[in-house]
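Here the structure comes first, spelled out in structure tokens, and everything after it is commentary.
The values are calculated or read from the model by the stated rules, or taken from the named source; none is laboratory data. Please read all numbers here as calculations on a predicted model, not as lab measurements. Don't worry about glycine lacking a Cβ; one is built from the backbone with ideal geometry, like all the others, and counts go over all protein chains shown.
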Amino acid sequence: MEFKHAKTKIILDWFEKINQVPRCSKNEAAICKWLMDWAKEHNFEAKKDEVENVLIRIPASPGYEQSPICVIQGHMDMVCEKVKGSTHDFDKDPIKFVFTDDGWLKADGTTLGADNGIAIAMALALALDKEVQHPALELLFTVDEETGLTGANALQPGFIEGKLLLNVDSEDEGVFTAGCAGGKDTHLEMPAPAEGAPEGHQAFKVIVGGLRGGHSGVDIAEQRANAMQVLSRVIEELSRLGDMRLATFAGGTAHNAIPRDAEALVWLDKATADKAQSKMAELDKAYKNEYAVIDPKVSLSLEKADSADRTQALNLEVTRKVMDFIQAIPHGVFAMSADIAGLVETSNNLAEIALGDGKVTALTSQRSSNMDRLDWLTTRVESVGRLCGGTARSGGGYPSWKPNMDSKLLGRCKEVYTKLFNKEPVVEVIHAGLECGIIGAKYEGMDMISFGPTIKNPHSPEECIEVETIGQIWDFMAELFKSYK
């Protein structure tokens, strides 16, 4: 692919090297070591903390010694999703790049990791570039942002010195993010003892696939289908045909990804099985029509499972209870912002479900820019578990980042962007979570902004980055640094 901007290839070369290192959430040891080795190789001061957050210090360019320190911040981990049937092993296989004819970069059947590897690549390229003049830089790379902002939560006083934070984790070029939602996860568990399927019952796999999925903060407003909700609806319809008993139910891979695939194992008596295939064809047609605009590739299938373990089956009473539990868990948008048009205020993502070993478990992820409503929605989710005779446990969560429209950094960024591109940037508050809320709470007086190149469909194998916008972000950052001389 030919690149319009001279620096794009350099940045993507670093990005490709980063994508050769395993870095799924909670598995950042290798990328932490790689970054520390990179700093040592280039004679930059570097340190890591107890959770393996990394800080690399880059000296100021001549003439910028008295300028304020700028912190360039991104996270090391990535959401590791792949298409069904893929043999990709995120623990050892590099991410394979695929350039499209219309100017986008994606991966071959997996998430790309541009969220947030492109921030690391850009920071490394800036640090080594002799043409860009800049103040002293602190490159802050945190761990485990995607599953709970663990790295940001673990930051200690004095780890960073700068008071200007450039978070390169937003996903629309020309848009500055000045605030974000807070969030909290809830784990639900309910007993579901198995008794075994009666003789004469046949096992079937019920499969839902082809959905778009996506980021539960960015894409939740589009009302994309949740595979586990679709699967629960399908199984409910099958149960109305006659004797149906659940054995397994599974879907979802991460708290912040809308589930794309889900699968269940059910046992049907002969009379029910005889009607099941025609019902599935009917439902497949109905859901393709229902999701024609949002998720046009939705697919349903019913397959015989001759080798299934008969002892896994639940009885009819427990099957009903498990189905009620799954269908009662809320998912989707619950409130829109009264202050900002088009902004989701409060939502919940039904992220994971697993049935087996005598229990059913679920993971949900609540978000809100209103912390009182976040607590209310969390309580509502917890109530589902308790009402079904189970347990509920919620984490401490993370705070929202309240926007400061009078921020001096925001004002400077708007001025620089407008002068450079001859158009005004958009300033927004987002429903997704960013580390800025936590970092701002830990370091008093921190002035923060978030931006980045254009990325679509993060947290899914459809993730892609618009290549041209990488150079535009480079130009903006270089001009912003120059303004601090």
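Values computed for the structure shown
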| quantity | calculated |
| --- | --- |
| Residue under evaluation HIS459, criteria (1) under 18 Å from ALA114 (Cα atoms); (2) surrounded by fewer than 22 Cβ atoms within 10 Å (Cβ to Cβ), criterion not met | (2) |
| Cross-chain or 6+ apart pairs with Cβ under 6 Å, the stretch 304-329 first and more than 22 Å from LEU377 (Cα to Cα), then basic (Lys, Arg) | ALA305/LYS205; ALA313/ARG245; LEU314/ARG245; THR319/ARG245 |
| Some residue of the stretch 208-230 being surrounded by fewer than 17 Cβ atoms within 10 Å (Cβ to Cβ) and at pLDDT 95 or above | no |
| Among residues of the stretch 273-301, those that are surrounded by fewer than 18 Cβ atoms within 10 Å (Cβ to Cβ), in contact (Cβ under 8 Å) with a residue 12 or more places away in the chain and hydroxyl-bearing (Ser, Thr, Tyr), counted | 2 |
| THR142 vs. criteria out of contact with any Gly (no Cβ under 8 Å at 6 or more places or on another chain) and of a type in the set (Val, Ile, Thr) | no |
| Test result for ILE326, part of a helix (DSSP H, G or I), in the same structural domain as GLN229 (by TED's automatic domain parsing) and either closer than 23 Å to ASN226 by Cα or of a type in the set (Gly, Ala, Ser) (or both) | yes |
| Whichever residue in the stretch 414-456 is in contact with a Gly (Cβ under 6 Å, 6 or more places away or on another chain) and in a loop (DSSP other than H, G, I, E, B) and, among such residues, is surrounded by the most Cβ atoms within 10 Å (Cβ to Cβ) | GLY433 |
| So LEU126, is it farther than 20 Å from THR177 by Cα and among the hydrophobic types (A, V, I, L, M, F, W, C) | yes |
| Residue list for the stretch 465-485, restricted to those being assigned to a strand (DSSP E or B) and surrounded by 21 or more Cβ atoms within 10 Å (Cβ to Cβ) | ILE465 |
| Out of LEU374, LEU363, sole residue that is of a type in the set (A, V, I, L, M, F, W, C) and touching a His at 6+ places or on another chain (Cβ under 8 Å) | LEU363 |
| Candidates ILE72, ILE56, ILE118, ILE95 - the one that is surrounded by 15 or more Cβ atoms within 10 Å (Cβ to Cβ) and in a loop (DSSP other than H, G, I, E, B) | ILE95 |
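Each row is one residue, and each column tells you yes or no for (1) touching a Leu at 6+ places or on another chain (Cβ under 8 Å); (2) assigned to a loop (DSSP other than H, G, I, E, B); (3) under 28 Å from ILE69 (Cβ atoms); (4) among the small types (Gly, Ala, Ser).
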{"residue": "GLN133", "(1), (2), (3), (4)": "no, yes, yes, no"}
{"residue": "GLY158", "(1), (2), (3), (4)": "no, yes, yes, yes"}
{"residue": "SER170", "(1), (2), (3), (4)": "yes, yes, yes, yes"}
{"residue": "ALA194", "(1), (2), (3), (4)": "yes, yes, no, yes"}
